[in-house]
1. Identify all residues within the range 249-285 that are open to solvent by less than 70 Å² (accessible area, probe 1.4 Å), without any contact (Cβ under 8 Å) to a residue 24 or more places away in the chain and either of a type in the set (A, V, I, L, M, F, W, C) or within 30 Å of Ile134 (Cβ to Cβ) (or both); write none if there are none.
2. Scan the range 141-165 residue by residue and report those that are surrounded by fewer than 16 Cβ atoms within 10 Å (Cβ to Cβ) and in contact with a Phe, Trp or Tyr (Cβ under 9 Å, 6 or more places away or on another chain).
3. For Val299, indicate whether it is without any contact (Cβ under 8 Å) to a residue 12 or more places away in the chain, open to solvent by 10 Å² or more (accessible area, probe 1.4 Å) and over 25 Å from Thr89 (Cβ atoms).
4. Answer yes or no as to whether Ser225 is surrounded by 13 or more Cβ atoms within 10 Å (Cβ to Cβ), over 13 Å from Val160 (Cα atoms) and of a type in the set (Ser, Thr, Tyr).
5. For a quick check of your reading of the model, give me the residue pairs whose first member lies in the range 115-131 and is among the β-branched types (Val, Ile, Thr), whose second is within 9 Å of the ligand (Cβ to nearest atom) and outside any loop (DSSP other than H, G, I, E, B), with beta-carbon atoms closer than 8 Å and at least 6 apart or on different chains.
6. Given the criterion in contact with a strand residue (DSSP E or B) (Cβ under 9 Å, 6 or more places away or on another chain) and assigned to a helix (DSSP H, G or I), identify the matching residue among Arg276, Arg263, Arg304.
7. Name the pairs: first residue in the range 172-198 and modelled with pLDDT under 95 and more than 16 Å from the ligand (Cβ to nearest atom), second residue part of a loop (DSSP other than H, G, I, E, B) and of a type in the set (Lys, Arg), Cβ to Cβ under 8 Å, at least 6 apart or on different chains?
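The values are calculated or read from the model by the stated rules, or taken from the named source; none is laboratory data. Note that this is a predicted model, so its numbers are computed, not measured. Backbone-built Cβ (ideal geometry, glycine too); neighbour counts: all protein chains shown. Calculation scope for accessible area: heavy atoms of the full protein, side chains included, ligands and nucleic acids excluded. Shrake-Rupley method; radii C 1.70, N 1.55, O 1.52, S 1.80 Å.
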Amino acid sequence: MKSSDLVLKYLEESRGFFVSGEDLALKIGISRTAVWKAVKNLESRGYKIEAVTNKGYSLSPNSDVLSPEIIKNLSGSPNVILKKSTESTNTDAKLLAVSGAEHGTAVIANEQIKGKGRLGRSFYSSEGGIYLSIVLRLKTDFSSAVLVTTASAVAVCKAVEKFSDLTPQIKWVNDIFVGGKKVCGISCEAVSDFESGVVDFVIVGIGVNFKTKSFPPELEEIAGSLFFENEAVTRNELAGEIIKNVLEITESLGDKKFIDEYRRRSFLIGEDIIFRENNVWSDALCLGIDDDGGLIVSVNGVKRTLVSGEVSVRRK
Ligand code: BTN
């Protein structure tokens, strides 16, 4: 590890508190001048570090620079790739997967230029949010792979709860809501072997509005953000926890243990909804979620199950 990364590691461990230059120098085995240079290097990379004579250095509680090393440590991912700016982390992850990236590899970006949402929509991805995609090699067939979206929604909710008193809710199939506003979207893309039906890999893409100060006018009503600027949680921590949870929960997709929690968090159940299928909107009553993550609805008294693919749903 480079000296600056080691200094960062120790400052991160004592975030918000001072660590003396002497202590850092001793721990890392470099001179105090080298520590000072490392701090300057970190500042030039965007870290907010306070330096006070006779006290040392302190990493500010709201210093929030994405760090692949930290995310890797927190998540257990074998490889985390950081992009300052990219078109779409889903596209990046897919290219990596095609060239053999291992299970759990993650790509995270500071912003996306062409963030992709479900159903061909775009996903607002301004600088400072969390935009991440994970390569999953699950050795499963297509019908189980579909559950990755459902399971990942639960994984994100749990990660948010670790750092807050919030109770995130899920709007079928992949939107996370807090306080009536969408704070996170999830989209999955699978590549499978046409003949065997075995899924080669799944890319799960997760976009979180994190400490977002404003949204474009067309999103203001519907989009919300997680955490305020002065809250101590960082993108590294939340991203690390999300990746860790996704890797854990998708380990045993087949047993569908997460489905009950998905149901508990689903706020459409019992509501009048409208859904769009083949470009036609229909009224329905939402009855529940089945064990495969399908939305059970009643349309004019006739019960049927919607599967996520091309269906879009809204509360009436
Ligand atoms: C949706 O709400 O329709 C799904 C949004 C998914 C957005 C994430 S951000 C990271 C990854 N890269 C993308 O281009 N899309 C996903």
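1. The answer is Ser252, Ile269, Ala284, Leu285.
2. Applying the first criterion (surrounded by fewer than 16 Cβ atoms within 10 Å (Cβ to Cβ)) to the range 141-165 yields 141-143, 161-162, 164-165.
Within the range 141-165, Ser164 is the sole residue that qualifies.
3. Details: without any contact (Cβ under 8 Å) to a residue 12 or more places away in the chain: no; open to solvent by 10 Å² or more (accessible area, probe 1.4 Å): yes; over 25 Å from Thr89 (Cβ atoms): yes.
Here the answer is no, as Val299 does not meet what is asked.
4. no
5. Ile130/Ile108; Ile130/Ile206; Ile130/Gly207; Ile130/Val208
6. On the way: Arg276 fails: assigned to a helix (DSSP H, G or I); Arg304 fails: assigned to a helix (DSSP H, G or I).
Sole residue among the options that is in contact with a strand residue (DSSP E or B) (Cβ under 9 Å, 6 or more places away or on another chain) and assigned to a helix (DSSP H, G or I): Arg263.
7. These pairs meet every condition: Val198/Lys139.
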